Amino acid sequence: MIIEQEITVLVTSSYQELHHKLTEYDFEIKEDYFIDDYYMIDKSINLMEYDKLEILKKCILVRDIIGVEKTLLYKYKEYDSNGNILKQGKVKCPIDEVNKAIHFMEAINYRELFHIKDHCITYTNDDSELTVQIINDGYIFIEMEDRSRFIDRDYKNIEEMKEDLERYDLPYQKDNYFVKKALIMLEKVIQMEQKKI
């Protein structure tokens, strides 16, 4: 399992405003790509009986990084009592076709819990690298990972990532550096399930 660290914050402006702010700090777009994530969960799991973060830990993703790779993906996360991520990692297995992988998961009693369409835009300047993520055409996030891909910089810990992001006057919620995109989607699913009861 690959162990990694990252922070994710919720943006409080439009993408256009955020892009303009980033260019003021000499950020340029290095990569622009799309990810489709299908969160699959065992049909026997009752969503009303589990903590939401525990539900997410039981999910297997069918991931399609459009035009790049397709994988089955398991994300492992440990949280503290406030929901902050203490440790996380992932294991992935290459697949050829998304629809066949979903069909396989359904054959072993899994169902699609929700689907995230993620437009990812990676920005860099001479000092920092971050990825803007536009989720399901609604929410916008900034994510920073401990390992940079386009510049010669890796972060030793979460605090170093926070300090680097805080150097820039960007429009994001400053009180939560571990926003969980999947949790936002899961909460919508649970609300729909509760309406059926």
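Each reported figure results from applying straightforward, stated rules to the coordinates on display, with no laboratory input. Quick caveat: nothing in here was measured; it's all calculated off a predicted structure. Neighbour counts run over all protein chains shown; Cβ positions are idealised from the backbone, glycine included.
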- prompt: In nanometres, what is the gap between the two model label sites at Arg153 and Lys77, each 7 Å from Cα along Cα-to-Cβ?
  reply: 2.5
statement: With +1 on the Cβ of every Lys and Arg and -1 on the Cβ of every Asp and Glu, the dipole magnitude of the chain about its Cα centre, in debye rounded to the nearest 20, is 1040
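If you stretched the chain out fully between Leu10 and Asp32, how much longer would it get, using 0.36 nm times the residue separation minus the C-alpha to C-alpha distance? Mind dumping the intermediate values first?
Working: separation 22, 0.36 × 22 = 7.92 nm, distance 1.91 nm.
Between Leu10 and Asp32, full extension yields 6.0 nm more.
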message: Past the 17 angstrom mark, what percentage of all C-alpha to C-alpha distances in the range 1-105 do you count?
response: 68
query: Amide H to amide H under 5 Å from Asn125: which residues, 5+ apart in sequence or cross-chain, H placed 1.01 Å off N in plane?
result: Glu28
task: Work from the charge dipole of the chain (Cβ charges, +1 for Lys and Arg, -1 for Asp and Glu, about the Cα centre) and give the residue of Tyr123, Ile102, Tyr38 farthest towards its positive end.
output: Ile102
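Can you put Leu47, Leu130 in order, fewest other beta carbons within 10 Å first?
Numbers: Leu47 14, Leu130 24.
Ordered from fewest to most neighbouring Cβ atoms within 10 Å, Leu47, Leu130 come out as Leu47, Leu130.
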field: Proxy reagent accessibility, fewest Cβ within 10 Å first, across Ser44, Ser13
entry: Ser44, Ser13
- prompt: Given q = 0.09, 0.16, 0.17, 0.18 Å⁻¹, what are the Debye log10 I(q)/I(0) values for the chain, with equal point scatterers placed on the Cα positions and solvent ignored?
  reply: -0.36, -1.14, -1.27, -1.39
statement: Ranked from fewest to most other Cβ atoms within 10 Å of their own Cβ, Cys59, Cys120 fall in the order Cys120, Cys59
query: To the nearest 20 debye, what charge dipole does the range 102-172 have about its Cα centre, counting +1 at the Cβ of each Lys and Arg and -1 at the Cβ of each Asp and Glu?
result: 360
query: Simple spin-label model, 7 Å along Cα-to-Cβ: Glu187 to Lys43 in nm?
result: 3.0
